[in-house]
Amino acid sequence: MRKPTDRAAEVARLDTDATVEVLNRILHFELSGVMQHFHHAWMSRWLQSSRPRAIAIGQHIATLTGGSSVGVDELMDEALAAADSMLDAARRYDQRRVDEYRKLLELVAGHSDDLEAFARAQIAAEDRHTAELLPDA
């Protein structure tokens, strides 16, 4: 059984300043992700009203002309390009975030069991999440 003084000496070797610096960067990434999620959820709710209006307008056009005058192919190309761009940004964001968790693990490994376990769990979760964002091969 370890003596309390052994544990205190072990924790003292932890580079607290560097660890807190990395934790602050990770916190920034995580809060940024929360804000992006909030923004996209808000935008999604805000844009929901466009769908029923588009349907109603399309029905009026179809009644008057028999068909839609909108170039759907062009709209789909724009939407797909925007989606690809968003996924690329999400991949880059997640990679930067997992890099910070790896830096945290390097700093705390062998010095703080709690932070080491936390960092390992986050890296594993981010690796799984990143794999979900990879384009199909």
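The values are calculated or read from the model by the stated rules, or taken from the named source; none is laboratory data. If you're wondering where the values come from, they're calculated on a predicted model, not measured in any experiment. As a convention, Cβ positions derive from the backbone with ideal geometry for all residues, glycine included, and neighbour counts pool all protein chains shown. Note: accessible area is taken over every heavy atom of the protein model, side chains too, but ligands, DNA and RNA are not part of it. Shrake-Rupley method; radii C 1.70, N 1.55, O 1.52, S 1.80 Å.
Computed quantities for the displayed model
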{"item": "Neighbours by Cβ (under 8 Å, 6+ apart or cross-chain): first from the stretch 107-127, over 15 Å from ALA18 (Cα atoms); second in a helix (DSSP H, G or I) and open to solvent by 50 Å² or more (accessible area, probe 1.4 Å)", "result": "ILE123/ARG102"}
{"item": "Enumerated helices (runs of 4 or more DSSP H) restricted to the stretch 47-137, each holding at least 1 residues that are under 15 Å from the mean Cα position of the chain (by Cα), loosely packed, with under 13 Cβ neighbours inside 10 Å and at pLDDT below 80", "result": "72-108, 113-133"}
{"item": "Pairs with Cβ under 9 Å, 6+ apart, first in the stretch 80-106 and closer than 12 Å to ARG25 by Cβ, second surrounded by 15 or more Cβ atoms within 10 Å (Cβ to Cβ) and among the aromatic types (Phe, Trp, Tyr)", "result": "ARG96/PHE29; ARG97/PHE29; GLU100/PHE29; TYR101/PHE118; LEU104/PHE118"}
